[in-house]
Amino acid sequence: MNREERRKQKKLSKKTATLKTKEPADHKSSQIYLQQGLEHHQNGQFAKALTCYYKTLELQPDNQLALVNLSIILKRDGKIDEAITNCEKAISINPNNADAHSSLASALKAQGKYELAIKSYKNALAIDPNFAEANFNLAIALNECGQTKDATTYYKAAVALDPSFIDAYNNLAIILREDGKLDEVINIYKTIIAIQPDFPHVQNNLGNALKKQGRFTEAIECYNKVIATDPNDAGPHNNKGLVYHQQDKLEDAYRCFNKAIEINPGFAEIYNNLGNLLADQGKFIEAITNYKKAIAIRPDYAEVHYNLGLSLYLQGDMKNGWEELEWRLLRQETKKITMAPNIPLWHGEPLNNKNILLYMEQGIGDEVMFAMFLFHIETVAANVLVAECTDRLLNLFKRTFPKTVFIKKTASISPYLAALKFDYQTMAGSVARFYENSFENYSKTIGKLQPEKSILSSFINKYKKLAYEKLIVGISWKTNNKISGKNRSTTLENMFGNLIKKHSKSLFLLNLQYGDVDKELANFSQETGYDIYNDKEVNSLDSLEEFAAQVAACDLIISIDNSTVHFAGAMGVPVWVLLPLTPDWRWSLASSDCRWYPSCTLFRQKQYAQWSHVTNEVEKTLLELIKNRF
């Protein structure tokens, strides 16, 4: 019996107690049958309860309590139409019976009639606003209809009416977690644990919420409590491994993942997490082995297929790597794009005089990189339509690719589909797959992204005056990518501290890092005595026109792997890219040049999470550049 059924049984027990305290004046036999039915119902003896409710109704057809409770069992047994009939009869006898309206709503919801169910729950609450369970069930129905804001309101009403309503707290926490309201989520989980301390599932969820906030010590404490309650639960061992991985405690992470596998060898997620740990250390053969184990357990596990694709591609197995990377479109983190019906997928066929529809995907940098293929596609295709384009990129793309029609993310493509017959459609990221084998031809057709000339001219003049003939170097040092951001990012001091102390007279550093970094810039100035120029005219989160021109006005860009390097590479600006030990697929593993952007030079970590080699190489190369320039 689940918790919701136990709550109903608790309610039934109160009704049973009420019946026992009253000596029936009329229909004595029917009341006896009803009392017996309630007792059987409360004890989970549903067949016996059903028999008693039917006997009650034979003797007293208008007994509302018997009608409603009968409907609950009928619904449980899948006899939804009968359940609805009994609820409607109870309501016809007494329109102000809140239980009957609530039970009717539950039966209607079971039939998928959500609009009618929601109306019936609201009818119940209009009669009895203090009906906690109706608030709870209405919230569930609203949430399943995608009305999460309203669902939140009713879950909160349920727990206000019944502060011990654990299921309502738990469901509320799920919605708030998806909204990123982790402080509220954490408080809710702590409330549940205060009500029911021996609740390992919630303790584990509390650990997960704390982990997302970076409160790793507290998260580990939660997981340890779960393990103390049930040492043979693989979940908390797996979660501890994830925390240790984020803390770069690699041996501890490895130990936890292996313990989790020992407990539950059929847990696909653990093999995926262990594979990621190994891949981050450059141990691709072992990583691939674990990814394949996960797939053997869960063949439709999109995340692990994608991770396998990354490792295969970086290992040089591009054919199989691309096959696995196509699973990216089914990943939970990927925005789901509904492609047009009845248009064939493009599989690399010649595009001569064909009409093709492309869908942009992933982040800003990815869109810029994938757009570069349009230089070739425009020369052969008759018509090109690019949908799902980020609004901030529209003007930049339209200027650069005049033959292509770009549609922003919020716009419908229906008018274009009606006006033009398309021969093919594809996701933009899949285009790279088919140019991989003819890369020399692709390289010959690549052009440059075109910033707005007047803005570019203004920035060039401004920065040259400020730089006083120094080398204008645009810098960026972190990314907010939720998956790989930690490994790809560094600190401003770590990246440029020593460099600027030695070469401040030769360099004009220009901040290209998006977001609010005023505090970091102030700390850097205090530590080094050097002020990095932060142009307040530019906010890349608002407009990419100014940002693109700002990048193009630099002599050199030095950045970790984020959208800045894609803008620089796409415009032919010299850019030095600082990469972790295991980089993103597009940067390969060994060479210092980049096949996608000829102006890129790649600087790579030699050890996991260690940037010292990278910064030393950057400093040496920069010294040579300064010597040759001055």
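What to note about this one:
- Against the chain, whose longest principal axis is taken from its Cα atoms, helix 182-195 shows a tilt of about 30°.
- With at most 16 other Cβ atoms within 10 Å, longest stretch of the chain clear of loop GluC sites (Glu not before Pro) (DSSP): 1-332
- Accessible heavy-atom area order of K421, K627, K259, highest first, probe of 1.4 Å: K421, K627, K259
- Solvent-accessible area, 1.4 Å probe, carbon plus sulfur percent, for the chain: 48
- S458 accessible area, 1.4 Å probe, all protein chains in place, Å² to nearest 10: 60
- Solvent exposure of region 170-270 amounts to 47 Å² per residue of accessible area, where only protein heavy atoms count and the probe is 1.4 Å.
- Surface per residue (accessible, 1.4 Å probe) for region 522-621, Å²: 38
- Solvent-accessible heavy-atom area per residue, rounded to whole Å², over region 390-501 at 1.4 Å: 53
- The angle between the Cα long axis of helix 250-263 and the main principal axis of the chain comes to about 30°, on a 0 to 90 degree scale.
- Packing-based ranking of 391-401, 348-358 yields 391-401, 348-358, ordered from highest to lowest mean Cβ neighbour count within 10 Å.
- Accessible area in the full protein assembly, largest first, 1.4 Å probe, for T426, T338, T148: T338, T148, T426
- K606 - accessible surface, heavy atoms, 1.4 Å probe, Å² rounded to 10: 140
- For the chain, Cys with no neighbouring Cys Cβ under 4.7 Å: C52, C87, C145, C222, C256, C389, C554
- Spatial offset of region 91-138 relative to region 183-201 amounts to 29 Å, using the alpha carbon center of each.
- Rounded, prolate or oblate (a/c below 1.5 giving rounded, otherwise prolate when a/b exceeds b/c) for region 361-440 by Cα gyration tensor: oblate
- Using alpha-carbon coordinates, inclination of helix 518-528 to the longest axis of the chain, degrees: 40
- Remark: the S92-D518 segment gains 146.6 nm on full extension, using 0.36 nm per residue and subtracting the alpha carbon distance.
- Dipole magnitude for region 207-282: about 160 debye, using +1 per Lys or Arg Cβ and -1 per Asp or Glu Cβ, origin at the Cα centre.
- Where [x] 42.7; [y] 48.3; [z] 34.5 are the candidate values, the label of the one calculated here for mean projected area of the Cα convex hull in nm² is [z].
- Once the chain from K212 to N353 is taken as fully extended at 0.36 nm per residue, the excess over their C-alpha distance is 45.8 nm.
- Accessible area in the full protein assembly, largest first, 1.4 Å probe, for D167, D99: D99, D167
- Rounded to the nearest 10 Å², the accessible area of R433 at probe 1.4 Å: 50
The values are calculated or read from the model by the stated rules, or taken from the named source; none is laboratory data. Note that the structure is predicted; figures quoted are calculated from it, not measured. Reconstructed Cβ throughout: ideal geometry from the backbone, glycine too, with neighbour counts over all protein chains shown. Calculation scope for accessible area: heavy atoms of the full protein, side chains included, ligands and nucleic acids excluded. Shrake-Rupley method; radii C 1.70, N 1.55, O 1.52, S 1.80 Å.
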